[in-house]
Amino acid sequence: MSRADRGRNALVDLPTDLDAGFAGGEPGRTGQEAGLAARAAAPQAPAPQATGRPDADAWGTDPYANALRNGHGPLFLRRTDGWLLPLDVERWCAGADAADLSALRRCEGPVLDVGCGPGRLVAALAARGHRALGIDVSEAAVARTVRLGGYALRRSVFDQLPGEGRWGTVLLADGNIGIGGDPDRLLRRTAELLAPGGLLVAETVPHDLDERVRVRLDDGRAQDGSAADGLFPWARLGSSALLGYARPHGLRSDGQWEADGRAFVALRRSRTVRNAHQSADSRNSAAVVSSQFPRNTSGDSPLAGS
């Protein structure tokens, strides 16, 4: 069987429960082949609707893709009043640092990295022996994650996802608690994705804040078109605000810490919460998800950088 045939079969033969859209390394596959497989298999994110999709494909626009290709900024979130929030592209495109590892050490079971970006956390989790899947609406982010030897889907957190209700850990790092600009909705969705007793590890801002804004990606160059072009909703939360939004969704604090000036919160999903689509044996589901992951064997793929 040719290498290409093995690659196609690896995608087709995955359990339908975990979605045939997974892509990643297998013995003998090069990083280029894995990247091509990811682009071929990853569902295309639908165009934003007039009503405003929570994370409308703004993260897939050119400034972000260009920054990932270059491995550096400048890249900002620009509010409508002109205020700029610098985005740490260089850190995202480097290996997992000490602050990242302080969060990854807490991960349990199979891990879903929401808004995985260029994949440094997915790669680091794989290196630590975790089954990990990244999701991102940016094609460039998914392709780069796969080139590192990780698994990734081009998917919004609000889309249908593999293993719903059975993930051991969900990650919301690098400010991704802001996705959709509606923390209540995002945390409700996160609770649906977690197994009973599962863990959410979220990064917050290191001060008291609860902010909802509309922003656009800005690379510092002159902008053409309407002032409303490219705007999408975003949120920034401190730890206290996050805990307040989390409680109604059965998510309780399981620890707070700071590392290298970054703030994190771990939240434990109640073991008694049930979603309508979950089966009665969901308490054993984390092991089921882990056993159904394809084995990432592309050990010669670089793991530093994302």
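A few remarks follow.
- Residues (closer than 20 Å to ARG268 by Cα and open to solvent by 30 Å² or more (accessible area, probe 1.4 Å)) located in the range 92-108: LEU101, ARG105, ARG106, GLU108
- Scanning the range 118-140 turns up no residue that is open to solvent by less than 10 Å² (accessible area, probe 1.4 Å), out of contact with any Gly (no Cβ under 9 Å at 6 or more places or on another chain) and among the hydrophobic types (A, V, I, L, M, F, W, C).
- Conditions (1) assigned to a helix (DSSP H, G or I); (2) open to solvent by less than 10 Å² (accessible area, probe 1.4 Å): number failed by VAL157: (1)
- Near pairs, Cβ below 6 angstrom, 6+ apart or cross-chain, from the range 245-265 (under 18 Å from GLY168 (Cβ atoms)) to any residue that is open to solvent by 30 Å² or more (accessible area, probe 1.4 Å) and in a strand (DSSP E or B): ARG252/ARG268; ASP254/ARG268; PHE264/TRP257; VAL265/GLN256
- Verdict on GLY255 being open to solvent by less than 50 Å² (accessible area, probe 1.4 Å), under 19 Å from the mean Cα position of the chain (by Cα) and of a type in the set (Gly, Ala, Ser): no
- The range 120-150: number of residues that are under 16 Å from LEU104 (Cβ atoms) and touching a Phe, Trp or Tyr at 6+ places or on another chain (Cβ under 9 Å): 8
- Taking the criterion of being farther than 22 Å from LEU75 by Cβ and outside any helix (DSSP H, G or I), the residues of the range 172-201 that qualify are ASP182, LEU194, ALA195, PRO196, GLY197, GLY198, LEU199, LEU200, VAL201.
- Residue identified as open to solvent by less than 20 Å² (accessible area, probe 1.4 Å), of a type in the set (Gly, Ala, Ser) and over 23 Å from ALA124 (Cβ atoms) among ALA266, ALA246, ALA195: ALA246
- In summary, ASP136 fulfils each of the numbered conditions (1) more than 13 Å from the chain's Cα centre (by Cα); (2) within 18 Å of LEU87 (Cβ to Cβ) with the single exception of condition (1).
- Against the criterion of being in a loop (DSSP other than H, G, I, E, B), open to solvent by 10 Å² or more (accessible area, probe 1.4 Å) and either of a type outside the set (Ser, Thr, Tyr) or over 22 Å from ASP254 (Cα atoms) (or both), GLU164 qualifies.
- VAL89 meets the conditions (1) under 14 Å from the mean Cα position of the chain (by Cα); (2) open to solvent by less than 20 Å² (accessible area, probe 1.4 Å); (3) closer than 20 Å to LEU217 by Cβ; (4) not acidic (Asp, Glu) in every case but one. The failed one is (1).
- Residue check, VAL111 open to solvent by less than 40 Å² (accessible area, probe 1.4 Å) and under 18 Å from GLY198 (Cα atoms): yes
- All helices (runs of 4 or more DSSP H) inside the range 64-153 with 3 or more residues being touching a Pro at 6+ places or on another chain (Cβ under 8 Å): 139-147
- Evaluated against (1) in contact (Cβ under 8 Å) with a residue 40 or more places away in the chain; (2) open to solvent by 10 Å² or more (accessible area, probe 1.4 Å), ARG189 falls short on exactly one condition, (1).
- Which numbered condition PRO183 misses (of (1) in contact with a Ser or Thr (Cβ under 9 Å, 6 or more places away or on another chain); (2) of a type outside the set (Asp, Glu); (3) open to solvent by less than 20 Å² (accessible area, probe 1.4 Å)): (1)
The values are calculated or read from the model by the stated rules, or taken from the named source; none is laboratory data. Computed from a predicted structure; not experimentally measured. Reconstructed Cβ throughout: ideal geometry from the backbone, glycine too, with neighbour counts over all protein chains shown. The accessibility values were calculated without ligands, DNA or RNA, using every heavy atom of the protein model including side chains. Shrake-Rupley method; radii C 1.70, N 1.55, O 1.52, S 1.80 Å.
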